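Worksheet for the structure shown next.
FYI, it's all coordinate maths here, none of it is from the lab. The model shown is predicted, which means the values in this text are computed figures rather than measured ones. For neighbour counting, all protein chains shown are included, and Cβ atoms are generated from backbone atoms with ideal geometry for every residue, glycine included.
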Amino acid sequence: HAGIVIVGAGQAGVMSAEVLRTGGYTGAITLLGDEPHGPYHRPPLSKAWLAGEMDAAQLVMRAPEMLARKHIALRTGVSVKAIDRSAQTVMLVDGSALPYTGLVLATGSTPRALPLPGGDAPGVLALRTRDDASAIAGRMAACIEQRHPVVVIGGGFIGLEVAATARKKGLAVTVLEAAPRLLGRVLAPVLSDWYAELHRGHGVQLQLRAQVAAIEADANGVTGVKLGDGSVVPAGLVVVGIGVSANDRLAQAAGLECDRGIVVDACGRTSDPRIVAAGDCTARRLADGSLIRLESVQNATEQGKSAAAALLGQERPFTATPWFWSDQYDKKLQMAGLSMGADGWAVRGDMAAGTFTVYHFKGEKLIAADSVNASKDHLQARKLLDAHVSPTREQAGDLAFDLSGLLK
Ligand code: FAD
């Protein structure tokens with residue numbers, strides 16, 4: 001009596017399991033995760049949890065008892081090694097095979113490793129899992145004690161959040177970013193500059209256009225980061241945040257269509273009708289044929305719901321406006337929409353005071369909005385984007401103009 005097997009007990013895996021139940025599925029559901037922990041929230045790992053402002057219990061996403069009550073069989077510490085599509089089984093690391101009638105791939109993503117001499121020295125750490133976060137927290141504590149500085153390689157969201165948290169703890173922090181500006185692929189130039197000033201204002205040594213040549217280490221682990229010009233930035237901890245790659249190897253080996261992620265449609269369907277996929281491991285095909293990879297809680301949640309519905313034979317496409325958030329110091333960034341291809345911007349509010357929204361336009365069309373400590377603007381922007389309603393650039397930038405009036 002095979003049931004539905006879910007590979008990956010993270011955000012997307014848990015959501016799909018629960019939506020299978022609420023959607024009326026009565027067969028067996030097995031949720032397999034290779035981490036030793038049950039499902040937990042990842043976003044606090046670089047924020048409140050790392051800052052010591054949150055305890056382990058608050059990280060728990062779903063207690064195993066709660067899943068058991070829904071007759072969802074959670075198995076932790078179990079790694080799936082292969083999918084046999086013709087036999088409809090997954091192979092576990094212990095050599096056993098588990099049959100499925102439907103399969104959800106929710107395997108997440110893996111931080112890119114630093115392809116550098118010394119990149120594997122002790123104290124050079126990436127941040128993806130609870131165990132990664134514990135290792136970073138431990139090393140930070142040692143750095144506080146020994147007055148060693150922290151270096152963050154990569155000025156993306158995770159790197160910048162770790163930098164902000166380390167500054168909160170009083171550590172000396174250098175951020176090394178290879179590009180000419182922070183978060184250059186997602187933020188408007190004015191906002192990249194604003195974030196650079198925010199971090200500098202909090203005492204971060206920020207180096208843009210930084211070329212990292214090697215990691216230097218002694219018997220205790222990392223001692224510094226050597227740059228292209230031969231200078232060395234001392235470090236007792238190096239956090240590497242240079243992006244992630246989708247965990248699509250199982251799917252690739254099973255012959256499913258993959259293109260830097262498991263290719264899915266808006267309903268989470270793969271090229272095999274019995275297999276769906278959701279979350280960071282996917283690349284979603286848009287109506288114009290292009291592929292989009294999103295790495296966010298919303299994407300994992302919504303794709304998880306779509307994928308579960310698809311296995312139940314229901315169409316529940318994920319087409320809502322993408323959103324994302326990031327907390328750095330006392331600033332909450334909330335992003336709505338996708339800003340790629342923007343050619344014009346308007347700023348509403350007061351950047352100097354730290355409460356504002358940057359609206360991204362492509363021609364006359366509003367395509368995205370990034371709000372800093374302006375949750376009302378963010379929620380309104382999501383409504384405007386969902387409704388395909390665009391203010392003019394002048395209206396967006398004019399605090400006296402009521403944007404919600406456009407939605408009536
Ligand atoms: P995951 O949550 O990664 O779950 C996948 C699980 O599958 C993992 O436990 C993995 O170990 C397991 N797995 C993989 N392969 C196998 C296998 N073969 N067998 C068994 N198990 C397997 N997003 C936001 O929207 N806002 C934020 O502020 C934010 N902050 C973040 C901060 C940090 C430090 C990190 C790491 C991420 C953050 N994200 C944030 C991103 C967000 O957490 C992810 O997009 C989301 O967790 C993706 O969910 P998922 O279910 O696709 O993958």
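Data for the structure
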read-out: Net lengthening on full extension, residue 227/residue 65 (0.36 nm per residue, minus Cα-Cα); value: 53.3 nm
read-out: For the stretch 330-407, fraction of C-alpha pairs farther apart than 17 Å, in %; value: 35
read-out: Residue exposure sequence - 359, 25 - by fewest surrounding Cβ within 10 Å; value: 25, 359
read-out: Over the chain: Kirkwood hydrodynamic radius from C-alpha pairwise inverse distances, Å; value: 22.6
read-out: The stretch 1-158: Cα Rg divided by the 2.2 N^0.38 Å rule of thumb; value: 1.23
read-out: Residue-span extension gain [residue 120 to residue 190] - 0.36 nm each, minus C-alpha spacing; value: 21.6 nm
read-out: Beta bridges per DSSP with both ends in the chain, % antiparallel, nearest 5; value: 60
read-out: FRET efficiency for residue 394 and residue 257, using Cβ-Cβ distance with R0 set to 41 Å, rounded to 0.05; value: 0.35
read-out: Spin-label proximity, residue 211 to the stretch 107-132 - amide N less than 19 Å from point 7 Å beyond Cα toward beta carbon; value: 114-119
read-out: Kirkwood hydrodynamic radius over Cα pairs of the stretch 113-240, then Stokes diffusion coefficient at 4 °C and 1.567 mPa s, in µm²/s; value: 89
read-out: Which of 355, 174 has the fewest Cβ neighbours within 10 Å, and the rest in rising order; value: 355, 174
read-out: Helical mean residue ellipticity (222 nm; -39500 (n - 2.57) per DSSP H run of 4+; nearest 500) of the chain; value: -7500 deg cm²/dmol
read-out: Burial ordering of 258, 281, fewest other beta-carbon atoms within 10 Å first; value: 258, 281
read-out: By average C-beta atoms within 10 angstrom, highest first, the peptides 263-271, 5-13; value: 5-13, 263-271
